[in-house]
């Protein structure tokens, strides 16, 4: 790992474990630790929530519409009297899953392109970097909207309304966010591939693939992990933005952004409807960003705390 | 310097071409055919269909279609919006000023907040002020614009009833009242977008300042007996702004995304809300053109950043 170069104080302490050193640095960042706990609670809540909170997401009860928080409905109800807590648990699964899956897509593409550009010494590297710069100057949100507009119906026909949109949103968000990862990986590769231990591997006859997989990539992972963490937050915001604009998941799928979209016309009589999902997005995003910040402290080799 | 600007302009052209190619091929690859309605219409015989397809060049190879499209775009022939019943370029020109007004004021607001806060935080790193500013900045860019927008409406329009939450172009008042009303209705959208921008900019400014402030020439300036203000403003800031300009330019795509959301929340008649409404009404020529305009704006702002970069750091324009 990039962050595990021996810092002298920890070396004197005797027992040295790379993971313990990482954790020691991470745990110095108090807000990052709090955020990790918060995110864990949020994940547990959306994964196991439906087993504890057994209200259906589409139980319509017009009489109980737009009620504020109460014992029967802890987060209140929407205009049709549907329970907002149950809907948020359901939507949270989708929002967090989209964030994770889109991050995996962008990290995969970014690492692949960055590694290819970092290993090649010729036109391929230049071409890939030109492509990366081109993608960096694409207006992401308008393009995202356009892609969804164009491909929505075809994927809906293939994978069903929810599955199709899920695949589309994950691929498109991931496909428009790999550039920072590619640049980071390339920069790491350019410096690591000239280090002595890689030269030694090369001298021993290691093939380029083995050099990359066994020697270079593991040492370049630190920045990728940090960038990946922040990507999760960005993907959650992107998905919520799409749903908020009414162009994400189908109307009956209550993602957090969709709940806000539905709630925005009832701000004067039912503000709780917007505040709870909005708060959930904010907590998830700020927690993930703080975790990324803590990981930067933990994994950045140049910084000795 | 003029040679440098010219070189930058020439570099911008391939990236514009690249972006236009990406957009066109996405559209061409997309399922759905502009003639699908004709194909299912029994009143149109197949020969007429084939003739129409040939007439509009739909069966040409894709690179020819791209060149045709590019040529038409360059000539200002952007197509016709069937929903608004007018030419696409006129429609966009009508909507563009509102977008630029909001984005421009938001950028100014962001700079007015970010530069003083970032500079002051960097002169006293890890002080109480720095920590508060840092935490607020972190929260600021974790708050999505659509949520801050709703919060602002909830607080300033619904609860306090200070500001209007719908942006109108036909304000009834005239003269000074017109100007005041224009400013009043722009406060919330500009604040939402500007604060979001200010959050990330503050972090850029602070870290760029911290990188420069430790350099030897700053110590030399202090040793010469210059005052703190002069050292910070004349020596440190000028050099710290160089990376900040690039980072701000890299942020532009995100700014346009934020503007799109803000326009939608406050119903500002700009090109962002035009994009959403055209998507909802399947108005493909407008969707295409607006996306392209956004891309052009991004390239334009990158160009401006490059020129500023050359002005801030003369070494670059000499290279």
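Each value in this text was obtained by applying a stated rule to the coordinates, not by laboratory testing. The structure presented is a predicted model; accordingly, all values stated were derived computationally and were not measured. Here Cβ is always computed from backbone atoms with ideal geometry, including for glycine, and neighbour counts include all displayed protein chains.
When the alpha carbon gyration tensor of the range A:126-173 is reduced to an equivalent ellipsoid, the three semi-axes, largest first, read 26, 11, 8 Å. Rg over Rh for chain B works out to 1.07, both radii taken from alpha-carbon positions and Rh defined as the Kirkwood radius.
Between A:98, A:170, A:286, the Gaussian network model of chain A with springs among Cα atoms under 10 angstrom shows the greatest mean-square fluctuation at A:286. Modelled spin-label separation between residue B:101 and residue A:196, with each label point placed 7 Å from Cα along the Cα-to-Cβ direction: 6.6 nm.
Using only alpha-carbon positions in chain A, the gyration tensor eigenvalues give semi-axes of 42, 25, 14 Å once each is multiplied by 5 and square-rooted (largest first). Note on the range B:267-319: Cα convex hull, mean projected area over all directions, 4.9 nm².
Going from the residue with the fewest nearby Cβ atoms within 10 Å to the one with the most, A:265, B:130 rank A:265, B:130. Taking a quarter of the surface of the Cα convex hull of the range B:150-220 gives a mean projected area of 7.9 nm². Find the Cα radius of gyration of the range B:205-319, compare it with 2.2 N^0.38 Å by division, and give the number to two decimals. Computed over Cα atoms of the range B:205-319, the ratio equals 1.54. The packing ranking, built from the mean of other Cβ atoms within 10 Å per residue, places the peptides B:229-242, B:138-151 in the order B:138-151, B:229-242, highest first. Per residue, the convex hull around the alpha carbon atoms of the protein assembly as shown comes to 233 Å³.
GNM on chain B, alpha-carbon springs under 10 angstrom: the most fluctuating residue among B:175, B:225, B:118 is B:175.
Can you compute the helix-only [θ] at 222 nm over chain A? Use -39500 (n - 2.57) per DSSP H run of at least 4 residues, normalise by all residues, nearest 500 deg cm²/dmol.
Working: 12 runs with 211 residues, N = 305.
After summing the helix terms and dividing by residue count, I get -23500 deg cm²/dmol.
Over all Cα pairs of the range A:197-254, how is the pair count split among 10 Å bins, expressed in % and running from 0 up to the last occupied bin? Calculated P(r), rounded to whole percents: 20, 25, 18, 16, 14, 7, 0. Evaluate the relative contact order of chain A (contact order divided by residue number), counting alpha-carbon pairs under 8 angstrom at least 6 apart; express in whole percent. Computed over chain A, the figure is 28 percent. What the Cα convex hull of the range A:232-286 gives, in volume per residue, is 66 Å³.
Rg and Dmax of the range B:144-278, both derived from C-alpha coordinates alone, stand at 20.5, 62 Å. Of the three principal axes defined by the Cα atoms of the range A:69-158, the extents in descending order read 66, 26, 26 Å. Could you calculate, for the range A:148-286, the ratio of the Cα radius of gyration to the Kirkwood radius, expressed as Rg to Rh? Computed over Cα atoms, the ratio is 1.18.
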